Amino acid sequence: MNETQVHIVPTLTHGRVLARRARAAAQKGLLVGFHGYMENARIQMDRLEAVPGSAAWTVVSIQALHRFYRGRSEDVVASWMTREDREDAIADNLAYVSAALDEVPHDASTRVVYAGFSQGVAMAFRAGVLGTRGAAGIVAVGGDVPPELLEKASLQFPPVLFTRGSRDEWLTAPRFDQDVAALTARRIAVTARVYDAAHEWTAEVSQAIGEFLKDLQLSDS
């Protein structure tokens, strides 16, 4: 019997990226967002625009490449990846983020902060640690650190704001605490916050992100 062969075929696809320019007189950097599973770029853009002080940042919301309809509705949502062909998907996503940022005016001195929610947290960490644009900070809301990043001692992490809801059944307290401990053990500057919430991005989270961005600006001055 002939065996079935699996071929991984590179192909060209198009991604959707939303961008809102900062006020010219108050340009603080790029705030780059990654939405969660079964969400889209508009949802994440709305979250980032609600962050206090974000008007001084160019806000970029990148939509995952794998689009589908939510249930029987006409709402277009997306997913970043599955476990199938995982390494190829990670490489594709990182190249996509780099290409997306090429569309937004900035230079080598521009401060870049990556912010993810749920499934998008892994993207924020990978872009911030492995991507072509060095990160000034990473914001993680309701998602964990990709384990392969923690396993490589040579990788450099920027300061991290790491948050979860106290009633979050996806990012549980043990998983959260384990990641915070692992980052702290590597002497990474971690701000860990737990809120009275479920698996969600709340107004309190937005407030904490605003404070985190302000602290990054102060540390660079």
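The values are calculated or read from the model by the stated rules, or taken from the named source; none is laboratory data. This structure is a prediction, so every number in the text was calculated from the model and none was measured. Cβ atoms come from the backbone with ideal geometry, glycine included; neighbour counts cover every protein chain shown. To get the accessible areas, we keep the full protein, side chains included, count just its heavy atoms, and leave off ligands, DNA and RNA. Shrake-Rupley method; radii C 1.70, N 1.55, O 1.52, S 1.80 Å.
Residues being within 28 Å of Ile8 (Cβ to Cβ), in a loop (DSSP other than H, G, I, E, B) and not polar (S, T, N, Q): count how many of those fall in the stretch 98-120.
1
Which residue pairs have Cβ atoms closer than 7 Å, lie 6 or more positions apart in sequence or on different chains, and pair a first residue in the stretch 80-97 that is closer than 12 Å to Ala127 by Cα and in a helix (DSSP H, G or I) with a second residue that is modelled with pLDDT of 95 or more and open to solvent by 60 Å² or more (accessible area, probe 1.4 Å)?
The qualifying pairs are Leu94/Leu130.
Assuming Lys28 fulfils every condition listed in (1) within 19 Å of Ile138 (Cα to Cα); (2) of a type in the set (D, E, K, R); (3) modelled with pLDDT of 95 or more apart from one, which condition is it?
(3)
Which of (1) among the hydrophobic types (A, V, I, L, M, F, W, C); (2) open to solvent by 20 Å² or more (accessible area, probe 1.4 Å); (3) not in a strand (DSSP E or B) is the odd one out, the single condition Ala19 does not satisfy?
Ala19 satisfies all of (1) among the hydrophobic types (A, V, I, L, M, F, W, C); (2) open to solvent by 20 Å² or more (accessible area, probe 1.4 Å); (3) not in a strand (DSSP E or B) except (3).
What about Ala135, is it closer than 24 Å to Gln27 by Cβ, open to solvent by 10 Å² or more (accessible area, probe 1.4 Å), touching a strand residue (DSSP E or B) at 6+ places or on another chain (Cβ under 8 Å) and aliphatic (A, V, I, L, M)?
Yes: the conditions hold for Ala135.
Going by the structure shown, is Pro10 closer than 18 Å to Gln217 by Cβ, assigned to a loop (DSSP other than H, G, I, E, B), in contact with a helix residue (DSSP H, G or I) (Cβ under 9 Å, 6 or more places away or on another chain) and open to solvent by 20 Å² or more (accessible area, probe 1.4 Å)?
Spelling it out, it is not the case that Pro10 is closer than 18 Å to Gln217 by Cβ, assigned to a loop (DSSP other than H, G, I, E, B), in contact with a helix residue (DSSP H, G or I) (Cβ under 9 Å, 6 or more places away or on another chain) and open to solvent by 20 Å² or more (accessible area, probe 1.4 Å).
Take the residues in the stretch 158-173 that are open to solvent by less than 40 Å² (accessible area, probe 1.4 Å) and under 15 Å from the mean Cα position of the chain (by Cα), then tell me which one is farthest from Gly142 (Cα to Cα).
Applying the filter and picking the extreme gives Pro158.
Whether any residue in the stretch 200-211 is part of a loop (DSSP other than H, G, I, E, B), surrounded by fewer than 17 Cβ atoms within 10 Å (Cβ to Cβ) and of a type in the set (Gly, Ala, Ser) is what I want to check.
no
Which members of the stretch 34-74 meet the condition of being part of a helix (DSSP H, G or I) and either over 13 Å from the mean Cα position of the chain (by Cα) or not polar (S, T, N, Q) (or both)?
Passing the criteria: Ala41, Arg42, Ile43, Met45, Asp46, Arg47, Leu48, Glu49, Ser54, Ala55, Ala56.
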